Every structure is written in structure tokens, then in C-alpha cells.
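Note sheet for the following structure.
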Amino acid sequence: MKRSTTVGSRGSRLVAALMAGSLIVAACGGDDGGGSEPAATEAPADSAAPADSSAPADSSAPADEAGPPTGPEMVIGMVNTEGTPGLDFPDIRRFAEASFDYMNTSGGFGNRPVKLETCIAKGSPETSQACAQELVGKGVELVILGLDLFPDYKTYEAAGVPVIGVLPILAGDYTANALFLTGGNSTSMAAAAAYAKEFLNAKSVGIVSADNPGANGTAASLEAALDKAGIAHTIVKGGDNETDAGYQGLMREAAKDNPDVLISLYSDAGCIGTMRGRATLGITIPVITTNICADKDVIDQVGDDASGWIFIGVPEDRETPERALIRKIVAPIMGIPEDEIDAASLGLGGLGLILTLSLRDYTIKMVEAGTEVTGQSLYDFLKTTKSGLFLYGGETPIECGGSASYPAVCSFVFPMAEYKGDGKVGPIDGVGLVDSKPYLP
């Protein structure tokens with residue numbers, strides 16, 4: 001059963017949909033605390049991620065002692081969308097540039113220094129096509145995509161230039177001749193359905209969402225995943241920004257039929273409003289949401305009103321060499337000391353950094369295996385390697401082609417977290433990684 005109710009004003013905000021897919025780097029985890037609201041977290045025996053999906057316990061960042069690379073220069077192109085209202089993501093490029101600057105002092109790509117050629121798209125097919133033609137004309141070996149709504153795959157394919165991106169956005173990206181390190185809305189929303197079904201035994205779900213093109217796309221992915229899971233659902237839509245009373249109205253409407261689970265697709269201020277609205281109304285139904293709502297700025301404002309909230313894609317908050325390196329790279333850009341940077345809360349900008357540092361990790365493994373590093377060999381290595389690759393500094397395994405229906409996607413499992421009390425967000429005991437593949441529509 002589906003019911004759609006619209007509450008409040010309408011607007012347009014693509015950013016929410018994009019960020020809903022950027023689950024690896026957009027949230028802040030926390031150490032275990034006390035006082036969390038009880039939740040059913042025991043999974044069926046067959047619900048765990050594959051056995052080889054655990055990141056190495058002794059994972060460490062490459063040492064600075066690698067020194068400057070001495071091999072032939074490798075020219076890499078990057079397309080990113082900037083300078084258009086609602087489509088302005090310069091930090092993705094800036095963080096990627098800083099990562100390449102670091103690599104060129106420490107090993108490069110398989111001992112090859114990297115020259116990065118960037119092109120800015122403006123959120124239209126024409127500008128994306130112009131970028132593809134420009135980069136191919138500059139003789140790039142590989143194109144990496146920050147956020148590009150309309151990648152010109154035909155131009156890249158005709159020139160024999162492989163494409164690796166961080167986040168699929170539109171439906172065609174999922175089956176394109178490309179690889180994306182994260183799965184976007186389809187995988188994250190399927191993970192929400194997986195958690196609701198396998199860990200909360202949900203038969204019914206109430207959804208709250210803004211009513212704009214981006215959020216509606218995310219909601220469509222969620223509803224399709226819930227249908228695949230056999231979970232009945234209703235959706236209540238509101239404005240991009242609501243008053244306190246407006247958020248209470250959304251939560252009240254979504255909860256009125258007493259569903260087993262609520263799912264909120266709101267971000268930023270909407271996280272705060274829906275958390276406070278639920279607490280004010282005394283609703284105790286557990287809520288699943290994206291990791292955007294686990295951001296430290298949100299939790300600091302809502303405090304224990306976050307009790308009972310479950311967050312998709314929040315990595316464990318622990319110090320690692322990788323996070324130390326991330327802080328070192330971005331501190332000069334952000335203009336603050338390294339120890340003040342939360343390496344797990346870099347938002348969309350962190351996607352560019354994670355993409356480039358992940359690729360560097362893969363080139364190190366290629367060299368260890370005796371494979372020459374080129375743009376094409378890196379693409380082929382990523383596409384065909386089925387175990388032992390992870391997103392940089394994280395626990396998310398890379399499994400390109402793990403779903404025949406989503407051949408361009410390379411990661412399908414998500415760490416889950418919950419509010420632990422005392423302002424802390426942390427992993428849910430006994431859950432581990434949640435696999436989205438069974439519920440991909």
C-alpha cells in the first residue's frame with residue numbers, strides 16, 4: 001500500500017539526493033556510549049556481508065618515504081560540476097587536486113607522476129560533452145568524474161579512454177561503460193530496505209521526504225527497494241525547509257498508522273527538525289536515515305533527541321593512519337590545524353579525496369602484482385579484482401560488477417550506526433556491514 005501526502009512548500013534541491021548517495025565520507029561516527037534506545041539488531045544467519053568483506057585489521061596508509069615518483073608522466077582528466085546554482089561542488093575538485101599534489105611527493109601512481117587536467121561542467125549535456133572532447137584532445141589516459149550529471153561516455157569510449165567516477169547520479173550511469181566506487185541512491189536506499197527487513201523485521205514503513213526533484217528521485221529508489229523487500233510503505237512529503245510545527249506534522253502523519261519503521265530522507269536542517277519533531281511527539285518507532293544526519297553539527301544540536309535513529313553508511317570512529325593522512329592533505333585547504341579536522345566528515349568534498357586516494361592504493365597493489373600502471377590497466381585491475389580492495393581508509397569492500405543489473409557499481413555494503421547517548425554515534429552491536437544487493441530493484 002502506498003499513500004503520498006504533501007505537507008508544506010515545494011522547492012528544488014539536487015544536493016540532498018547527491019549527498020544521500022555519498023555515504024562513505026559524509027558523516028561523523030562516535031565511540032560507544034550509553035543510554036541508546038533499544039533496537040532489534042540481531043540479524044538472521046544469512047544476512048551478513050560476504051566473508052571477505054572485512055577490511056584488514058592492520059591497514060595502514062602508504063609511508064611518505066616513497067618519495068617523488070620518477071617514471072613517465074601520467075595525464076589524468078577530471079570533470080566536475082561547479083558554478084551553477086544548486087550544482088556547485090568545487091571542494092570535490094579542490095580535495096582531489098590536493099590529493100594528487102601529495103601523491104606527486106610520495107610515489108605517484110605506480111611511480112608515475114600525475115598531471116591533472118580539470119574541466120568544469122555546468123550541469124548540462126552540452127558542457128559535459130565539451131569537457132569530454134577537451135580532455136580527450138589533451139591525451140588523457142584516464143578520466144575521473146567528480147560529479148557530472150551528463151557524462152559523455154560515447155566520446156570517451158570512442159577515444160579508448162576509461163572512466164572511473166565516485167558517484168552514479170542518473171539511471172544511465174549504473175549501466176555505463178564506466179566504474180563508480182560508490183553506488184549512489186540505489187544502493188544506499190536498498191541498504192535501508194535491507195536493514196528494515198533483516199534487522200528490524202519490518203512489515204511496514206512510513207517515509208518522510210522533501211518534495212523536490214532530487215529528493216523525489218531518492219524516494220523512488222527507496223520505494224522500489226521496499227517493494228523488492230515486500231515491505232508496505234507510505235510517504236509524506238514536505239518542503240525543503242519546514243518550521244518546527246511543519247516537521248512535527250510530517251512525523252505525526254508518517255507515524256499515524258503505527259508502521260514498524262520510519263525512514264527520513266531529509267538532510268541538514270531537516271535532520272534537526274525531524275529528530276526534534278519525533279522526540280516532541282513522543283514517537284518511539286525507530287528511524288533509519290542517511291549518514292548526513294549523523295554529522296557532529298546535527299548531533300550537537302539535537303542531543304538525546306537522536307535516540308532511536310539509525311544511520312546508513314557511518315564508518316567506525318577510530319584513529320587510523322589513513323585518517324591522519326587525510327587531515328594532513330586537507331588542513332592547508334581548510335586553513336585549520338590538522339587536529340581540528342574530522343576526517344570522516346568532509347561532506348561531498350571528501351568524495352574527490354577518497355576517490356583519488358583509493359585509486360592510489362590500487363596502483364600500489366598493481367605494482368606489487370607486477371602490473372604496469374596505465375589508465376587502462378588501472379581500470380581493468382579495478383574491474384576484475386574481486387577481493388582485497390577497499391575504499392580508502394574504510395571497511396567498504398570494492399566489488400565491481402557485483403550486481404549484473406548495476407555493472408558500473410563497485411560497492412554494495414554499508415556500515416550502520418546508531419545514536420549511543422551522550423552525544424555519540426557508533427556502530428550497532430552485532431550488525432556489521434549491510435548488503436544492499438538482495439534489494440536492488
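Brief remarks on what is shown
- Of all residues in region 331-367 being outside any helix (DSSP H, G or I) and under 18 Å from the mean Cα position of the chain (by Cα), the one that is nearest to residue 91 (Cα to Cα): 348
- Residues in region 192-214 that are of a type in the set (A, V, I, L, M) and more than 20 Å from residue 414 (Cβ to Cβ) were compared, and the one that is surrounded by the most Cβ atoms within 10 Å (Cβ to Cβ) is 208.
- Yes/no for residue 385 being of a type in the set (Val, Ile, Thr) and surrounded by fewer than 22 Cβ atoms within 10 Å (Cβ to Cβ): yes
- Residue under evaluation residue 407, criteria (1) within 27 Å of residue 175 (Cβ to Cβ); (2) of a type outside the set (Val, Ile, Thr); (3) part of a strand (DSSP E or B), criterion not met: (3)
- Hey, residue 310 in contact with a Lys or Arg (Cβ under 8 Å, 6 or more places away or on another chain) and within 28 Å of residue 171 (Cα to Cα) or not: no
- Of all residues in region 163-177, those being assigned to a loop (DSSP other than H, G, I, E, B) and either surrounded by fewer than 24 Cβ atoms within 10 Å (Cβ to Cβ) or of a type in the set (Lys, Arg) (or both) number 3.
- Of the residues making up region 290-344, those that are crowded, with 16+ Cβ neighbours inside 10 Å, free of Cβ contacts under 8 Å to residues at least 60 places away in the same chain and aliphatic (A, V, I, L, M) are 298, 302, 331, 334, 341, 343.
- Exactly one residue among 181, 167 is in contact with a Cys (Cβ under 6 Å, 6 or more places away or on another chain) and either in contact (Cβ under 8 Å) with a residue 12 or more places away in the chain or not assigned by TED's automatic domain parsing to the domain that holds residue 289 (or both), and that residue is 181.
- The one condition from (1) over 18 Å from the mean Cα position of the chain (by Cα); (2) over 17 Å from residue 248 (Cβ atoms) that residue 268 does not meet is (1).
- Residue 167 passes every criterion in (1) at pLDDT 95 or above; (2) in contact with a Phe, Trp or Tyr (Cβ under 8 Å, 6 or more places away or on another chain) apart from (1).
- Here residue 336 meets each of (1) β-branched (Val, Ile, Thr); (2) more than 22 Å from residue 96 (Cα to Cα); (3) not assigned by TED's automatic domain parsing to the domain that holds residue 199 with one exception, condition (2).
- Number of positions in region 101-121 that are of a type in the set (S, T, N, Q) and either under 23 Å from residue 134 (Cβ atoms) or under 26 Å from the mean Cα position of the chain (by Cα) (or both): 2
- Residue within region 151-158 that is in a strand (DSSP E or B) and crowded, with 24+ Cβ neighbours inside 10 Å present: no
- Residues of region 381-421 satisfying the condition of being closer than 23 Å to residue 294 by Cβ and at pLDDT below 90: 391, 392, 393, 394, 395, 396
- Residue check for residue 328: assigned to a helix (DSSP H, G or I) and more than 13 Å from residue 99 (Cα to Cα): no
- Extreme residue, surrounded by the fewest Cβ atoms within 10 Å (Cβ to Cβ), among residues of region 136-146 that are under 26 Å from the mean Cα position of the chain (by Cα) and within 13 Å of residue 119 (Cβ to Cβ): 144
- Consider region 267-283 and keep the residues that are modelled with pLDDT of 95 or more and among the hydroxyl-bearing types (Ser, Thr, Tyr). The one that is nearest to residue 206 (Cα to Cα) is 274.
- Residue match in region 236-247 (condition: within 23 Å of residue 213 (Cβ to Cβ), of a type in the set (D, E, K, R) and under 22 Å from the mean Cα position of the chain (by Cα)): yes
- Check on residue 274, buried (at least 24 other Cβ atoms within 10 Å of the Cβ) and polar (S, T, N, Q): yes
- Matching residues, region 238-252, being modelled with pLDDT under 95 and polar (S, T, N, Q): 241
- Qualifying residue in region 379-391 (condition: over 13 Å from the mean Cα position of the chain (by Cα) and farther than 23 Å from residue 111 by Cβ): yes
- Scan of region 241-258 for residues that are basic (Lys, Arg) and part of a helix (DSSP H, G or I), ordered by number: 252
- When the criteria are applied in full, residue 287 meets the requirement of being at pLDDT 85 or above and among the aliphatic types (A, V, I, L, M).
The values are calculated or read from the model by the stated rules, or taken from the named source; none is laboratory data. Predicted model only: the values in this text are computed from it and were never measured. As a convention, Cβ positions derive from the backbone with ideal geometry for all residues, glycine included, and neighbour counts pool all protein chains shown.
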